[in-house]
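Below is one structure, written out as structure tokens; comments come after it.
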Amino acid sequence: IMNMKGFDGDFGLERYPMFDARNLGAQVPNEELIAKAKAANADAILVSQIVTQRDVHLDNSRDFIQKAKDAGIYGKTILLLGGPRIDHKLALELGFEAGFGPGSKASDVANYIAHAVAEKAK
């Protein structure tokens, strides 16, 4: 999803001129991710959960949602979850607006964000 070159002809979010996509790297603490998103007045936050041992990805996702609520961005900022063990249903159960798992392309995520931002602007 965050890959300038893209994959299979589908470019990463950084290539979309209408997005200011920022890749903060791997293993960014939830507090830091939320703080940077707030400072940037981000419309959306994409969380990628790769680590799945002992359901760490689920615990971290729940923690992220709680911290988003504590920070006052829950319901205001579009919160998306993705990763190899994530699907849309699970993301919704965890409190995210949408989930993107195996087979998802950057264009799928870009399309979702564009429509969600337009809806929130109404």
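Values for this structure:
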{"read-out": "Placed amide H near Tyr74: partners under 5 Å, 5+ positions off or other chain", "value": "Lys69"}
{"read-out": "The chain, helix-only ellipticity at 222 nm - DSSP H runs n ≥ 4, -39,500 (n - 2.57), divided by all residues, nearest 500", "value": "-12000 deg cm²/dmol"}
{"read-out": "For region 71-76, 3J(HN,Hα) per residue [Karplus equation, 6.51 cos²θ - 1.76 cosθ + 1.60, θ = phi - 60°, Hz, x = Gly/Pro]", "value": "7, x, 9, 5, x, 10"}
{"read-out": "Links that overshoot a 20 Å alpha carbon limit, given the list Lys38/Lys76; Lys5/Lys105; Lys67/Lys122; Lys38/Lys89; Lys5/Lys38", "value": "Lys67/Lys122; Lys38/Lys89; Lys5/Lys38"}
{"read-out": "Set of aspartates and glutamates near Lys69 by C-alpha distance (under 20 Å), chain-local residues within fewer than 8 positions excluded", "value": "Glu31, Glu32, Asp43, Asp59, Glu93, Glu97"}
{"read-out": "5 angstrom amide H check on Phe100, placed H, neighbours 5+ away", "value": "Leu81, Gly82, Gly83"}
{"read-out": "Contour minus Cα-Cα distance for Lys38 and Lys120 (0.36 nm per residue)", "value": "27.8 nm"}
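Throughout, read-outs are computed from the coordinates displayed, never taken from laboratory work. These figures come from a predicted structure and were not determined experimentally.
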